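Everything on this sheet refers to the single structure shown next.
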C-alpha cells in the first residue's frame, strides 16, 4: 500500500465557541498547546491526507530553505511539527510551487496552504504531520 502524509491540527476547545471572545479562544489554544506540561492532552483532528509522492514533489519544488528542510524531516523522522512561526514563510514558499505542480497534486497543496493560513490567523494552532 502506498504511503501517505497525514496532517493533524490542534482543534479541541473547552468552551462554547459561540460565546467565546477572540481573546479567550487564543487563551484556550495557548493552554492546549502548553497543556502537556500541566497534564492537559492536546486534541488533534485529521485535516489533510496527501499521497507521499505528491508531498515529495511539493517539497522538491521548494527553494533550499528552512521550510524545505522542515518538510524533508517527514522522510527522515516520519513525523514533524509545524508551529505558527513557521507557517507564514512556509506558506509563501508553497504558494510559489503550487502552479508548477501536476494537476493531481494541486488540490492537496492548496489544502496545505489553507492550513497554513489558518495557523497565521490563529497562531496557537500547530500541525503534526506524519508519514503513514
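With a simple spin-label model that places each label point 7 Å from the Cα along the Cα-to-Cβ direction, the separation between residue 43 and residue 128 comes to 1.5 nm. Most tightly packed first, judged by the mean number of other beta-carbon atoms within 10 Å of their residues, the peptides 107-113, 60-66 read 107-113, 60-66.
Computed from the C-beta positions of residue 104 and residue 79 and an R0 of 35 Å, the FRET efficiency is 0.90 to the nearest 0.05. Applying 0.36 nm per residue to the separation of residue 3 and residue 95 and subtracting their alpha-carbon distance, the gain on full extension is 30.7 nm.
None of the figures in this text is laboratory data; all of them are computed from the coordinates on show. Note that the coordinates shown come from a computational prediction; the quantities given were computed from them, not determined experimentally. Note that each Cβ is placed from the backbone with ideal geometry, even for glycine, and that neighbours are counted across all protein chains shown.
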